[in-house]
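For reference, the structure is listed below as structure tokens.
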Amino acid sequence: MNITVVGAGIVGSAIAHELASRGARVQLIDSRGVGRGATRASAGILAPQIEGHIPELRNLAARSLAMYDDFIRRVERDSRRSIEYNRNGTLQVALNEPEAAVLTADAQALARNGVEFKLLDRESARRAMPALSDRVSSALLVPSHGYVAASALTQAVVDAARAHGVRLITTAVRSIEGAASAARVATDDGIIESDVVVVASGSWSVPSKPTEGPAVKPIRGQLVQLRCEAVLASQVIWGQACYLVPWSDGTVLVGATVEDVGFDERPTAEGVRGLLSAAIGLVPSLEGAQFDEVRVGFRPKASDELPIIGRSGTMPSVFYAVGHYRNGVLLAPLTAALMADLVLEDKERAELALVRPGRLANA
């Protein structure tokens, strides 16, 4: 089968790799290159029990996290790259009594769902992570969580896909048409014909007509990258106003803003100031960290905050994998498997019932 995947972020790249590894001929198209959309502003946090604020999303994310060890192993093998991937847990921290009450409620929910956790008091939290502010009153450790270096992972997935014959094309997509037996993608460099098109272009979803295709809204996220002389911590730190992702080389990612501003890709002083203030409030020593950069990306948000995965209701040879919002990196392994099963085997796994394009208008 000849398949065109539109969008070379983590989701589109993972789909291309999965399809090609199962024998499909795949071309991967993106107007801006690899990982330049939502992936660029992703900290790569793998935390379904935090990000999954509704049961349906939490269940999908937990299933995808269970696939991650094998996903990383396959990508490293096929790409011949090493990827920073850590499953030492997340530490949610509270700075006051209301925040502590939220952590207690979260711990109760984890207990009901059979998820391993530890609820730490002030002294235990500071012993577990000495860099924390002395304002911390309690903390919630979820050992199964972790992070992956999102940009490096995406590039490795593309390299892994290329090892299976995927062709990367950098050009703008203008329209997509999908009849029952074939699909056409119109680009700035000409027409690409294939058996199937998978639209995984995030906030830049390109329907054949303005009234077709699932609606996703771009939500701007600003992410600050700092650098410390020593490794800050062994776990992701999660506060009410920001999160911190410490890497093994001393890099610390601070994220992320959530801004409904359309396609305005400019970083702002307000956004950076808010992230830095919140980060220093959690870990005071970050005041002396080196400022590396601020990155901006658009998270594609559907109206119900669930991803949109499945066959188009109006174009039989077009499939969607968009709307992953803040969880594209986390949901990539599951999304790739769901799409490959559907496209190559016409197999609809149970998870697709939650994310069908038809649940939303114009899909």
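The values are calculated or read from the model by the stated rules, or taken from the named source; none is laboratory data. What you are looking at is a predicted structure, and each value in this text was computed from that prediction instead of being measured. So basically every Cβ, Gly included, is an ideal-geometry build from the backbone, and we count neighbours across all protein chains shown.
Can you tell which of 76, 99 is of a type in the set (Asp, Glu), within 26 Å of residue 341 (Cα to Cα) and assigned to a helix (DSSP H, G or I)? The conditions single out 76. Quick one: would you say residue 19 is assigned by TED's automatic domain parsing to the domain that holds residue 174, buried (at least 24 other Cβ atoms within 10 Å of the Cβ) and touching a residue at least 40 places away in the same chain (Cβ under 8 Å)? Taking the combined requirement at face value, the residue satisfies it. What about residue 47, is it of a type outside the set (Lys, Arg), modelled with pLDDT under 95, touching a strand residue (DSSP E or B) at 6+ places or on another chain (Cβ under 8 Å) and surrounded by 18 or more Cβ atoms within 10 Å (Cβ to Cβ)? For residue 47, the condition - of a type outside the set (Lys, Arg), modelled with pLDDT under 95, touching a strand residue (DSSP E or B) at 6+ places or on another chain (Cβ under 8 Å) and surrounded by 18 or more Cβ atoms within 10 Å (Cβ to Cβ) - is not met. Would you tally the residues in segment 170-187 being closer than 21 Å to residue 13 by Cβ and surrounded by fewer than 17 Cβ atoms within 10 Å (Cβ to Cβ)? Selection size over segment 170-187: 3. Checked against the criteria, residue 128 counts as modelled with pLDDT under 95 and crowded, with 16+ Cβ neighbours inside 10 Å.
Residues in segment 134-175 that are outside any helix (DSSP H, G or I), assigned by TED's automatic domain parsing to the domain that holds residue 14 and among the charged types (D, E, K, R): 167, 174. Here 96, 2, 88 are screened, and the one residue that is within 30 Å of residue 171 (Cα to Cα) and out of contact with any helix residue (DSSP H, G or I) (no Cβ under 8 Å at 6 or more places or on another chain) is 2. Filter segment 227-245 for residues that are surrounded by 14 or more Cβ atoms within 10 Å (Cβ to Cβ), among the aliphatic types (A, V, I, L, M) and out of contact with any helix residue (DSSP H, G or I) (no Cβ under 8 Å at 6 or more places or on another chain); which is farthest from residue 286 (Cα to Cα)? Checking each candidate, the answer is 236.
Being under 24 Å from residue 25 (Cβ atoms) and crowded, with 17+ Cβ neighbours inside 10 Å holds for only one residue in 316, 300, 307, 333, and it is 333.
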